[in-house]
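The structure appears below as structure tokens.
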Ligand SMILES: CC(C)(COP(=O)(O)OP(=O)(O)OC[C@H]1O[C@@H](n2cnc3c(N)ncnc32)[C@H](O)[C@@H]1OP(=O)(O)O)[C@@H](O)C(=O)NCCC(=O)NCCS
């Protein structure tokens with residue numbers, strides 16, 4: 001993290017281990033309010049799905065990396081054999097963040113999602129094996 005964010009801590013915001021529900025957790029970084037959050041859900045087949053966001057103005061300072069590391073550690077401890085996610089093909093910051101953490105591109109959902117402008121977009125499927 002940069003000097004600006006080095007004092008910030010990643011804190012666990014919730015862990016759900018309810019009977020019948022997928023184990024899941026959330027982590028956040030606090031600055032002036034929450035400046036980043038990641039959620040991780042362990043599916044019954046052993047894959048942990050993640051979704052994350054860092055507030056504009058706080059990006060590029062290591063917050064996303066810290067959140068991702070916390071989610072990977074949680075997934076490993078929870079017994080996941082893999083993490084998985086989807087990203088838009090033009091989301092270079094996200095794709096680079098995930099590649100740097102060891103995720104690899106496994107394929108695409110082709111012309112799968114209709115965007116608000118009517119266009120059909122691919123999504124990139126990425127995975128990080130823990131086994
Ligand atoms: C993607 C996102 C979470 C990255 O978080 P972040 O805090 O900015 O990431 P970090 O500062 O930890 O950067 C880690 C790495 O990501 C990559 N990265 C980050 N911003 C980048 C940019 N603008 N362009 C290219 N690569 C970038 C770099 O590889 C960087 O490593 P480096 O600093 O050694 O070059 C953030 O940009 C975001 O919230 N975007 C909007 C929401 C979103 O896209 N969520 C993910 C949906 S799949």
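Where a number appears in this text, it was derived from the coordinates with a stated rule and is not lab data. On a predicted model such as this, the values are computed, not experimentally measured, just so you know. Heads up, the Cβs are rebuilt from the backbone with ideal geometry, glycines too, and the neighbour counts pull from every protein chain shown.
Residues of segment 37-73 that are in contact with a helix residue (DSSP H, G or I) (Cβ under 8 Å, 6 or more places away or on another chain), more than 14 Å from residue 14 (Cβ to Cβ) and away from the ligand (no atom under 13 Å from the Cβ): 48 alone. For segment 4-83, the strands (runs of 3 or more DSSP E) that sit wholly inside it and include 3 or more residues that are crowded, with 16+ Cβ neighbours inside 10 Å and in contact with a strand residue (DSSP E or B) (Cβ under 7 Å, 6 or more places away or on another chain) are 24-31, 33-42, 47-54. Given the condition part of a strand (DSSP E or B) and within 13 Å of the ligand (Cβ to nearest atom), answer yes or no: does some residue in segment 89-104 qualify? Within segment 89-104, not a single residue is part of a strand (DSSP E or B) and within 13 Å of the ligand (Cβ to nearest atom). In segment 117-130 there is no residue that is part of a helix (DSSP H, G or I) and either more than 10 Å from the ligand (Cβ to nearest atom) or under 15 Å from the mean Cα position of the chain (by Cα) (or both).
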